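What follows is one structure encoded as structure tokens, with my remarks underneath.
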């Protein structure tokens, strides 16, 4: 019986690795995507400043010796915020590393090229398990230039979500193996670990993408369990998801526990609510409505491509011996249909009551899954004799959509230099509403505040004592200063209060105060010399989280080792 994934092109000489051609094509298409950057400047989308500022800030903290940053140095114009506790680390680690290797202006370009090339290669590995090699290469190429990828590149600048989308194909491949929907030799034992790794990587890239991945994979495992009438897929899937969450626990546990210490509710402020972002929804903000229509057009185009490709692929009616096992196709279509439905307004009750779904914020974000499923069915359709012609048509259709988005983006030659200058001069960057510590409004914080200000001992109109301040150390997570004061006083630091800060004055710990209008840290001192030390400590939740991740990594390693040592049965 002929394997449906074999084709004449698989019999060619193997002088080159199988992945080299899809890698080259993905790289070429990725370079084409960023061509406008070379003559228009940087595409400064909605989230560009947030990500680029994080890259520069993390790189500066690395130079100070802080290898795993938790508190930003320069957000809120130097007052800082606990951004790196709540925002997943993979994207800002990659971006910061690139700032150390190439000029600042080249970082966004290189970031996009790397991610989209990786997206095409990972999509090829998925599609190669489902379709012929030629179809897999072309389907992966479609995934590189799909409308959602163009939207993220030109208008959204959400580099973390772009990273998650590049990992999604590997996650889906591992999930299909766990569900026994692929005809390969991968052992079920090791498949659990190989699913857990990309699942953890998605969560460590982008939290909304992690929620989307969790619901999508849970639906896939539930469907496989029902269709196979076996608890195996559900048990293996649950084990893989639990292990993946355990691997990512060093981020997830503190981010969940310490939400009570920040204004996390601002993540669902006006404009960010799911009810305001269903497809083609209009609100009182014209700019928001216009962008929502652009995102909706991209989502609708992917939905139409998915529907048409599924309709003509013949994967559901054909026997498994000719065009592949229809069980995998049905599972993919189910996931794609569920993602499509969740972009529509009548699903608002699900967004309201399903755990954490509302923190996805934008229903059109589900097009990240729709794009991947559409790539699968495009590959199925391209297995036809003249499939390459249809691929050419799809590629041509991507050009006007890309041009439209390029015309509706914000281009700025000075974006990266401006951010670098803000760091070098000490002016810092704007903060984030949802990461602002409780009791503070970062919009009220003073600009260009000194590192330390001497205040009278009480908040009345008493005179300010004479004092000399010596800065012994001032890094993101460690401050040491010496104050010689002629009388009792208070020292207001350019720093926001947060429970993880430990304040010690002359060897004695104390609880700092705050200003009346903002949550700026204020430390009382006595007459004479006062040695003040402020350190960002590892709180108990972080210690527990690190232990969980370490235990999960050890368990995964032992699991893989045990799987390799299992003797094979003689056939």
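The values are calculated or read from the model by the stated rules, or taken from the named source; none is laboratory data. These numbers come from a predicted model, not from an experiment. Here the Cβ is made from the backbone with ideal geometry for all residues, glycine too, and neighbour counts use every protein chain on show.
Name, by its number, the condition in (1) buried (at least 20 other Cβ atoms within 10 Å of the Cβ); (2) within 22 Å of residue 430 (Cβ to Cβ) that does not hold for residue 47.
(1)
Tell me which residues, restricted to region 126-164, are more than 20 Å from residue 381 (Cβ to Cβ) and part of a loop (DSSP other than H, G, I, E, B). Show your work before the answer.
Quick first cut of region 126-164, residues more than 20 Å from residue 381 (Cβ to Cβ) only: 150-164.
Residues satisfying the conditions are 157, 158.
Count, please, the residues in region 369-407 that happen to be part of a helix (DSSP H, G or I) and surrounded by fewer than 24 Cβ atoms within 10 Å (Cβ to Cβ).
21
List the pairs whose first member sits in region 510-531 and is on the phi > 0 side of the Ramachandran plot and assigned by TED's automatic domain parsing to the domain that holds residue 469, whose second member is surrounded by fewer than 16 Cβ atoms within 10 Å (Cβ to Cβ) and part of a strand (DSSP E or B), and whose Cβ atoms are under 9 Å apart, counting only residues at least 6 apart or on separate chains?
What qualifies is 528/484.
Right, residue 495: surrounded by 14 or more Cβ atoms within 10 Å (Cβ to Cβ), in the same structural domain as residue 37 (by TED's automatic domain parsing) and in contact (Cβ under 8 Å) with a residue 12 or more places away in the chain or not? Write out each step before concluding.
Numbers: surrounded by 14 or more Cβ atoms within 10 Å (Cβ to Cβ): yes; in the same structural domain as residue 37 (by TED's automatic domain parsing): no; in contact (Cβ under 8 Å) with a residue 12 or more places away in the chain: yes.
When the stated conditions are applied, residue 495 does not pass them.
Every residue in region 423-445 that is in contact with a helix residue (DSSP H, G or I) (Cβ under 8 Å, 6 or more places away or on another chain) and more than 13 Å from residue 81 (Cβ to Cβ), please.
From region 423-445, those in contact with a helix residue (DSSP H, G or I) (Cβ under 8 Å, 6 or more places away or on another chain) are 423, 426-438, 442, 445; that's our starting set.
Matches in region 423-445: 423, 426, 427.
Could you tell me whether region 113-124 includes any residue that is out of contact with any helix residue (DSSP H, G or I) (no Cβ under 7 Å at 6 or more places or on another chain) and closer than 23 Å to residue 239 by Cα?
In the first step, residues of region 113-124 are kept if they are out of contact with any helix residue (DSSP H, G or I) (no Cβ under 7 Å at 6 or more places or on another chain); the result is 114.
Now restrict to residues that are closer than 23 Å to residue 239 by Cα: none.
Looking through region 113-124, none of the residues is out of contact with any helix residue (DSSP H, G or I) (no Cβ under 7 Å at 6 or more places or on another chain) and closer than 23 Å to residue 239 by Cα.
Do the conditions hold for residue 465, that is, is it in a loop (DSSP other than H, G, I, E, B) and out of contact with any helix residue (DSSP H, G or I) (no Cβ under 9 Å at 6 or more places or on another chain)? Spell out how you get there, then give the answer.
Details: in a loop (DSSP other than H, G, I, E, B): yes; out of contact with any helix residue (DSSP H, G or I) (no Cβ under 9 Å at 6 or more places or on another chain): yes.
It is true that residue 465 is in a loop (DSSP other than H, G, I, E, B) and out of contact with any helix residue (DSSP H, G or I) (no Cβ under 9 Å at 6 or more places or on another chain).
In region 357-368, is there at least one residue being at pLDDT below 90, in a helix (DSSP H, G or I) and over 30 Å from residue 485 (Cα atoms)? Give the steps one after another, and end with the answer.
Of the residues in region 357-368, the ones at pLDDT below 90 are none.
For region 357-368, residues at pLDDT below 90, in a helix (DSSP H, G or I) and over 30 Å from residue 485 (Cα atoms): absent.
Tell me, please, whether a residue that is touching a strand residue (DSSP E or B) at 6+ places or on another chain (Cβ under 8 Å) and at positive phi can be found in region 407-421.
no
Suppose we filter 439, 428 for residues that are modelled with pLDDT under 95, under 34 Å from the mean Cα position of the chain (by Cα) and surrounded by 21 or more Cβ atoms within 10 Å (Cβ to Cβ); which single one remains? First the steps, then the outcome.
Numbers: 439 fails: surrounded by 21 or more Cβ atoms within 10 Å (Cβ to Cβ).
Matching residue, one of 439, 428: 428.
Residue by residue through region 506-541, note down the ones that are more than 19 Å from residue 76 (Cβ to Cβ), over 30 Å from the mean Cα position of the chain (by Cα) and in a loop (DSSP other than H, G, I, E, B).
Within region 506-541, 506, 507, 511, 526, 527 qualify.
Of the residues 544, 503, only one is under 34 Å from the mean Cα position of the chain (by Cα), outside the structural domain of residue 81 (by TED's automatic domain parsing) and surrounded by fewer than 16 Cβ atoms within 10 Å (Cβ to Cβ); which?
Working: 503 fails: surrounded by fewer than 16 Cβ atoms within 10 Å (Cβ to Cβ).
544 is the lone residue from the list that is under 34 Å from the mean Cα position of the chain (by Cα), outside the structural domain of residue 81 (by TED's automatic domain parsing) and surrounded by fewer than 16 Cβ atoms within 10 Å (Cβ to Cβ).
Kindly state which helices (runs of 4 or more DSSP H) lie completely within region 209-328 and contain at least 1 residues that are modelled with pLDDT of 95 or more and surrounded by fewer than 20 Cβ atoms within 10 Å (Cβ to Cβ).
On the way: elements: 232-247, 249-257, 286-313, 320-323.
The helices (runs of 4 or more DSSP H) meeting that bar are 232-247, 249-257, 286-313.
Scan region 479-537 residue by residue and report those that are under 19 Å from residue 456 (Cβ atoms) and touching a helix residue (DSSP H, G or I) at 6+ places or on another chain (Cβ under 8 Å).
494, 517, 518, listed by residue number.
Go through region 188-208 and give me each residue that's closer than 16 Å to residue 356 by Cβ, touching a residue at least 40 places away in the same chain (Cβ under 8 Å) and surrounded by 24 or more Cβ atoms within 10 Å (Cβ to Cβ).
First, the residues of region 188-208 that are closer than 16 Å to residue 356 by Cβ: 199, 202-203, 206-208.
Subset that is touching a residue at least 40 places away in the same chain (Cβ under 8 Å): 199, 203, 206-208.
Result: 199, 203, 206.
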